[in-house]
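For reference, the structure discussed in these notes is given below.
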Amino acid sequence: MIDVKNLSKSFGKHLVLDDLSQHIHPGEKVVVLGPSGSGKSTFLRCLNLLETPTSGTITFDGVDITAPKCDIDTVRQHMGMVFQHFNLFPNMTIRKNITLAPVRTKKMSQQEADDTATQLLRRVGLEDKADAYPNQLSGGQKQRIAIVRALAMRPKVMLFDEPTSALDPEMVGEVLDVMRQLADEGMTMVVVTHEMGFAREVGSRILFMDGGHILEENRPQEFFAHPQHPRTVEFLSKVL
Amino acid sequence: MMFSGLVDWLNELGPRFYRAFIEADRWKLYLQGLGRTLEMMAAALVIGVILGVVVAVVRTAHHQQRAERRRNPLLSILNVVCQVYTTVIRGTPMMVQLLIWTFVIFPNIRDKILVGIIGLGINSGAYVAEIVRGGLMSVDGGQMEAGRSLGLGYLDTMRFIVIPQAFKNILPSLGNEMITLFKDTSLVQAIGGMELVYYAATIGGRTFDYMPPYIGIAVMYLCIVVVLTWLQGKLERRLRQSDRR
């Protein structure tokens, strides 16, 4: 579904991603782990071109999205993204936050979008917040809304950039529950996180990154039970 | 001796103001002038804000694409044009600009108020551009990313997400710019525009008494600025309330 070939990214002279190649299959739940500064967020942000790769190609559904002629807006309509700091639009109600993109991109009429919003909000238990503003919500609620906002575009893949890192500990659970539910429904997901429990339980494949390289990749059971690379062993001994 | 001089002066004050404002229905001229002045401010403000927003968006867009691999040559050219515009306008006196508009660029336009509107609007645009640019940059970068990640284009994201949020931060400076613009309309008198100062000067010349008309229009300018400031404060308070919702 997403094919990454020889992806490199540098900020000035600082090489953040060094010649990565990866393939993400439909229905996979890929969890990217690694210490901070390892390049995992940059890797994720390259997938929908929020960061422009320095070199290499990324193909999504057969379309080379790194080609200069590619219309990235259309591609992004099929890739949902959830950010660490939610990035809800504070100047709009929750309903408007959710319906703005589907309506503006002509994917849905306002009526259809409103119905979709209501339906999705009910799923995450926040239908009573439709007319509230983001500032009136808790962090956990904001992040659930952010997930709903991305889902309203009916994406083929969802990218999560440390979705629970900015949350109070007691709110982490409610966001992970939504993500777990989404995974059970068969959504293709790429998740950058520090939640080892989630990685083990929901992930179908773990990528461990450090220094701009993918040092190890494995199924969760093997990854946590028998880490191969010394850096992985060290990392896991610190976080588990 | 001095005391009686003061009494005489005070005694004369009433008739002097009477001559300047009431006699021969002169107050109508002030109202007419004030009307032109306000018209000029409103029209110049519209030009200034539109021009300012366009220039600010061009410059911000250019700034944001700097890091990317693909660069739009058209945008680079536009950016240079905008930069020259703000530099020239902000680097030369308003009065000199008005003289150039009147005598160099549009010597054939009779309606000096129109020339004034053009000159003031284009001048104001350069200042508004800098104000708006600062406001756009004050909006968290995550907002732009979130909009784009949903598949919205750059302009849509600006229009629905970034600009409305920037507006709140911009408002105080924009209000000040409007007040400056309002007072700058008085310069148009120097190129022959028939606005408030023009009528005050004419009346002063006719009655051979300049004090009442000039003090009079100073009070008019002051009152309007006070009202504008009050309106500005009210709007700001209302926008702030929506933050706490």
TODO: Starting from 0 in steps of 5 Å, tell me what percent of the Cα-Cα pairs of chain B lands in each bin.
DONE: 1, 6, 11, 13, 14, 13, 11, 9, 7, 6, 4, 3, 2, 1, 1, 0, 0
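Loop only per DSSP, at most 13 neighbouring Cβ atoms within 10 Å: give me the chymotrypsin sites (Phe, Trp or Tyr not before Pro) in the stretch B:159-221, ordered by residue number. Before the final figure, lay out each step's value.
Working: sites: B:160, B:167, B:182, B:198, B:199, B:208, B:210, B:214, B:221; in loops: B:208, B:210.
Here the sparse-neighbourhood loop sites are B:208.
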Task: Descending principal axes extents, the protein assembly as shown, alpha-carbon based, whole Å - done: 108, 48, 47
Task: DSSP beta bridges in the protein assembly as shown [antiparallel fraction, %, rounded to 5] - done: 55 percent
Open item on the list: Using only the alpha carbons of the stretch B:91-172, what is the convex hull's orientation-averaged projected area in square nanometres?
Closed with: 7.3 nm²
TODO: Sequence neighbours fewer than 8 away in the same chain don't count; with that in mind, list the aspartates and glutamates whose C-alpha is under 15 Å from residue A:238.
DONE: A:195, A:210
Task: Candidates A:225, A:199, A:117: whichever shows maximal mean-square fluctuation once chain A is modelled as a Gaussian network with Cα springs under 10 Å - done: A:225
Task: Straight-distance crosslink candidates among aspartates and glutamates, where the alpha carbon sits under 20 Å from residue B:234 and sequence neighbours closer than 8 are dropped - done: B:177, B:243
- [ ] For chain A, find the longest principal axis of its Cα atoms and tell me its angle to the long axis of helix A:230-239, 0 to 90°, nearest 10.
- [x] 40 degrees
- [ ] Name the most mobile residue of B:162, B:96, B:139, meaning the one with the largest mean-square fluctuation, in a Gaussian network model of chain B with Cα contacts below 10 Å.
- [x] B:96
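Counting alpha carbon pairs within less than 8 Å and at least 6 residues apart, what relative contact order, in whole percent, applies to chain A?
Working: 423 pairs, mean separation 64.0, N = 240.
It comes to 27 percent, rounded to a whole number.
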Task: Cleavage-rule hits (chymotrypsin sites (Phe, Trp or Tyr not before Pro)) in the stretch A:175-240: DSSP loop, at most 13 neighbouring Cβ within 10 angstrom - done: none
Open item on the list: Compute the angle between helix B:73-91 and the longest alpha-carbon principal axis of chain B, please, reported from 0 to 90 degrees and rounded to the nearest 10.
Closed with: 20 degrees
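Charges at C-beta only: +1 for Lys and Arg, -1 for Asp and Glu. How large is the resulting dipole of the stretch B:134-245 about its Cα centre, in Debye rounded to 20?
Details: 11 positive and 9 negative charges, 91 e Å.
Dipole size: approximately 440 debye.
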- [ ] Work out the charge dipole of chain B with +1 on the Cβ of Lys and Arg and -1 on the Cβ of Asp and Glu about the Cα centre, then indicate which of B:190, B:204, B:5 is farthest towards its positive end.
- [x] B:190
Open item on the list: Based on alpha-carbon centroids, what's the gap between the stretch A:101-117 and the stretch B:1-59 in Å, whole number please?
Closed with: 52 Å
Open item on the list: Show me you know the interface measure: the accessible area buried between B and A, both chains summed, probe 1.4 Å, in Å² to the nearest 100.
Closed with: 2400 Å²
Task: Global geometry of the stretch A:68-202, whether rounded, prolate or oblate, following the gyration tensor of its Cα atoms and the 1.5 cut on a/c - done: oblate
TODO: Would you kindly state how much longer the chain becomes between residue A:73 and residue A:5 on full extension, computed as 0.36 nm times their sequence separation minus their alpha carbon distance, in nm to one decimal?
DONE: 22.3 nm
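Going through the stretch B:73-147, which trypsin sites (Lys or Arg not before Pro) have at most 14 other Cβ atoms within 10 Å and a DSSP loop state? Spell out each step's value before the answer.
On the way: sites: B:90, B:110, B:112, B:133; in loops: B:110.
Passing sites in the stretch B:73-147 are B:110.
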- [ ] At q = 0.10, 0.23 Å⁻¹, what is the base-10 log of I(q)/I(0) for the stretch A:20-124 according to the Debye formula with one equal point scatterer per Cα and no solvent? Please give it to two decimals.
- [x] -0.39, -1.32
TODO: May I ask for the angle, rounded to the nearest 10°, between helix B:163-184 and the longest principal axis of chain B, with both axes built from Cα atoms and the value confined to 0 to 90°?
DONE: 30 degrees
TODO: Divide the volume of the convex hull of the Cα atoms of the stretch A:92-145 by its number of residues and quote the answer in cubic angstrom per residue.
DONE: 69 Å³
- [ ] Using a 10 angstrom cutoff on alpha carbons, build the Gaussian network for chain A and name the most mobile of A:50, A:207, A:100.
- [x] A:50
TODO: State, in angstrom, two size descriptors of the stretch A:133-240 derived from its alpha carbons: Rg to one decimal place and Dmax to the nearest whole number.
DONE: 15.1, 47
Task: Whole-angstrom gap from the stretch A:178-228 to the stretch B:170-245, using each part's C-alpha centre - done: 64 Å
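Which value at 222 nm does chain A reach when only helices count, each DSSP H run of 4 or more adding -39,500 (n - 2.57), with the total divided by all residues and rounded to the nearest 500 deg cm²/dmol? Each step should come with its number before you reach the end.
Numbers: 9 runs with 90 residues, N = 240.
Mean residue ellipticity, 222 nm, calculated: -11000 deg cm²/dmol.
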TODO: Rounded to whole Hz and in sequence order, give me ³J(HN,Hα) for the stretch A:67-82 from the Karplus expression 6.51 cos²θ - 1.76 cosθ + 1.60, θ = phi - 60°, writing x for Gly and Pro.
DONE: 5, x, 8, 5, 7, 5, 4, 5, 4, 5, 5, 9, 10, x, 9, 10
- [ ] Under 16 Å Cα to Cα from residue B:183, which aspartates and glutamates show up? Leave out anything in the same chain fewer than 8 places away.
- [x] B:39, B:195
Task: Relative contact order of chain B, pairs being alpha-carbon contacts under 8 Å that are 6 or more residues apart, as % - done: 29 percent
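Using 27 Å as the Cα-Cα cut-off, could you pick out the over-long pairs in A:29/A:129; A:69/A:156; A:9/A:142? Don't skip to the answer; put the middle values down first.
Details: A:29/A:129 29 Å; A:69/A:156 22 Å; A:9/A:142 31 Å.
Listed pairs above 27 Å: A:29/A:129; A:9/A:142.
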Open item on the list: Under the rule a/c < 1.5 gives rounded, and otherwise a/b versus b/c splits prolate from oblate, where does chain A land using the Cα gyration tensor?
Closed with: oblate
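The values are calculated or read from the model by the stated rules, or taken from the named source; none is laboratory data. As the structure is a prediction and not an experimental result, all values here were calculated from the model. Note: ideal-geometry Cβ built from the backbone for every residue, glycine included; neighbour counts use all protein chains shown. Just so you know, the surface numbers come from the protein's heavy atoms only, side chains and all, with ligands and any DNA or RNA stripped out. Shrake-Rupley method; radii C 1.70, N 1.55, O 1.52, S 1.80 Å.
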